[in-house]
Structures are given as C-alpha cells and as structure tokens.
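Q: Have a look at this one before I ask anything.
The values are calculated or read from the model by the stated rules, or taken from the named source; none is laboratory data. Worth saying up front: this structure is predicted, and the values here are computed from it rather than measured. Virtual Cβ from ideal backbone geometry, glycine too; neighbours counted across all protein chains shown.
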Amino acid sequence: MKEPSNHAHREPSPESAMHDLDLVDRILAGEARAFEPLVRRYERRVFRVTLAILGNIEDAEEAMQDTFVKAYRHLSQFRRESRFTTWLTRIAINEALQKRQTQRNFVPIEDAEAAGADFMPQRYQSWRADPEKLHGKQEIRRMIEAAIESLAPIYREVLVLRDLEGLTAEEAADALGLKIPAMKSRLLRARLMVREQLAGAFENPSTLKRKIVARAVEIREAVATTLIRVAGR
C-alpha cells in the first residue's frame with residue numbers, strides 16, 4: 001500500500017469548497033470538461049480511500065474510476081448539505097465496499113472483528129527517542145504505510161478515513177454504516193495495532209545504521225592491522 005502518507009489530510013479551504021461548487025454548477029449546465037479539475041484535485045484522496053478498503057492497487061484503481069463515473073452520472077443528486085469532497089468520499093467507500101464483497105479472499109466482518117477483539121498491546125512505555133532522529137522521513141513513511149497495510153480491512157479503512165482523510169467521527173461512521181461507538185472502538189484498536197507495529201522500530205536506533213558503523217570500524221581495524229604487519233617486516 002503506497003499511497004497513504006503519515007500526515008492527516010486537511011479539509012479543503014472555504015475557497016476550495018466554493019470553487020468545487022462552481023465547477024459542479026458548470027457541469028450541471030452542460031460544461032462536461034469542468035469535471036476534469038475535480039478529478040485531478042481529488043483522485044489521490046479517492047485512491048487512498050479505495051486502497052484502504054481493498055488493499056489491492058488494481059482493485060483500488062478500478063474502484064476509483066467507478067467512483068468518478070458514478071459521481072459524474074449522479075452529480076445532480078449532490079444536495080450541497082455537505083462538502084463535495086465528503087459526498088465523493090462516500091461514493092468511493094460504497095464502491096470499494098461493494099467490490100470487496102466479490103473478492104475471493106474476503107473475510108466476513110464478524111470474523112475480522114473477532115480476531116481484532118483478541119488483540120492486546122504488548123508495549124506500553126512511551127518512545128524514548130524522537131523517531132526522526134533515528135530514521136529519515138522517507139523511512140518513517142515506509143514504516144507507517146507497512147503498519148497500516150498490515151491491518152485487517154475493517155480497521156484499516158476507519159483509520160484512513162479518520163486519521164488520514166480527516167473525516168469527523170459522524171462522517172466516518174455514516175459512510176461505513178456503523179454506529180459511532182462501534183467506529184470509535186475499531187479506530188482505537190487500529191491505532192493500538194499500528195503503534196504496536198511501530199514501537200519496536202522507534203524505541204531502538206536504526207539497525208542498518210548500527211551495522212554500517214560496526215562494519216566501518218571492522219574495516220578500519222583490519223586496515224590498521226595490515227599496516228602494522230607491513231611496517232614490521
């Protein structure tokens with residue numbers, strides 16, 4: 001899973017939201033090309049959402065395309081009671097959830113929920129070091145992406161919607177067809193699981209850096225030993 005970043009998505013500014021509405025009006029008035037800026041602006045967000053639910057790049061791309069097709073065809077149903085981005089994200093979630101039902105490796109929600117209920121974090125202490133002092137930003141991003149990807153879909157999707165895409169608890173719960181307490185319970189477990197995945201790496205210095213330093217010391221000592229032997233001949 002390569003798209004989600006470790007920074008929460010920021011909601012569009014009021015100016016951006018107004019621009020969205022202007023584009024919607026132009027599309028409804030018959031200017032089909034006005035839909036292209038909306039696709040360019042939100043394709044990354046839609047892809048993150050579909051990938052979080054499906055966990056497969058090809059399926060996520062297909063669901064993303066289906067999302068924009070459905071949004072265009074049903075644009076007249078957008079009631080402006082919420083932001084365009086929220087409406088579009090709900091379509092993306094529905095498309096991805098429907099596609100997930102057809103996957104061969106689909107795990108019933110009840111089974112995934114039961115598996116997650118047994119999870120207990122093993123690490124409770126706070127991280128002693130600043131992760132960015134031990135790892136580069138790209139390495140941290142890779143670690144976070146891997147931790148998110150390891151989650152079961154029902155935990156991954158709620159984490160992405162709340163912590164990466166910035167949906168409110170009400171919006172995320174509504175989009176996933178959950179009650180708010182159930183959504184919050186899944187989110188808590190997802191956060192704990194991700195923290196558990198990252199704890200070991202963030203508590204200790206980079207293994208790679210230690211190996212490089214140790215190898216450099218070995219080489220230096222070997223060279224020094226060789227020079228001493230040569231000098232003694």
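Q: Only one of (1) among the β-branched types (V, I, T); (2) within 14 Å of the chain's Cα centre (by Cα); (3) modelled with pLDDT under 70 is not met by V213, so which one is it?
A: Unmet for V213, out of (1) among the β-branched types (V, I, T); (2) within 14 Å of the chain's Cα centre (by Cα); (3) modelled with pLDDT under 70: (2).
Q: Same structure again: Scan segment 157-173 residue by residue and report those that are without any contact (Cβ under 8 Å) to a residue 60 or more places away in the chain, part of a helix (DSSP H, G or I) and either over 15 Å from the mean Cα position of the chain (by Cα) or under 15 Å from W87 (Cα atoms) (or both).
A: Within segment 157-173, A169, E170, A172, A173 qualify.
Q: Just name the residue that is surrounded by the most Cβ atoms within 10 Å (Cβ to Cβ) out of those in segment 35-87 that are part of a helix (DSSP H, G or I) and polar (S, T, N, Q).
A: Filtering segment 35-87 for residues that are part of a helix (DSSP H, G or I) and polar (S, T, N, Q), the one surrounded by the most Cβ atoms within 10 Å (Cβ to Cβ) comes out as T50.
Q: Given (1) surrounded by 12 or more Cβ atoms within 10 Å (Cβ to Cβ); (2) modelled with pLDDT under 85; (3) within 28 Å of N94 (Cβ to Cβ); (4) more than 17 Å from the chain's Cα centre (by Cα), where does I180 come up short, assuming only one miss?
A: (2)
Q: Tell me, which residue of segment 1-31 that is at pLDDT 85 or above and of a type in the set (A, V, I, L, M, F, W, C) is surrounded by the fewest Cβ atoms within 10 Å (Cβ to Cβ)?
A: Here the residue is A29.
Q: Among the candidates R26, R44, R90, which residue alone is without any contact (Cβ under 8 Å) to a residue 12 or more places away in the chain and either in contact with a Pro (Cβ under 9 Å, 6 or more places away or on another chain) or not acidic (D, E) (or both)? Quick ask: steps written out before the conclusion?
A: Numbers: R44 fails: without any contact (Cβ under 8 Å) to a residue 12 or more places away in the chain; R90 fails: without any contact (Cβ under 8 Å) to a residue 12 or more places away in the chain.
Testing whether each residue is without any contact (Cβ under 8 Å) to a residue 12 or more places away in the chain and either in contact with a Pro (Cβ under 9 Å, 6 or more places away or on another chain) or not acidic (D, E) (or both) leaves just R26.
Q: For segment 88-102, name all the residues that are touching a Phe, Trp or Tyr at 6+ places or on another chain (Cβ under 9 Å) and either among the polar types (S, T, N, Q) or modelled with pLDDT of 90 or more (or both).
A: Of segment 88-102, the ones touching a Phe, Trp or Tyr at 6+ places or on another chain (Cβ under 9 Å) are 88-89, 91-92, 100.
Correct list: L88, T89, I91, A92.
Q: Against the conditions (1) modelled with pLDDT of 80 or more; (2) surrounded by fewer than 18 Cβ atoms within 10 Å (Cβ to Cβ); (3) more than 17 Å from Q197 (Cα to Cα), where does S150 fall short? Just the number, please.
A: The single condition S150 does not satisfy is (3).
Q: In addition: Examine segment 70-87 for a residue that is more than 20 Å from L161 (Cβ to Cβ), modelled with pLDDT of 90 or more and among the small types (G, A, S), and state whether such a residue exists.
A: yes
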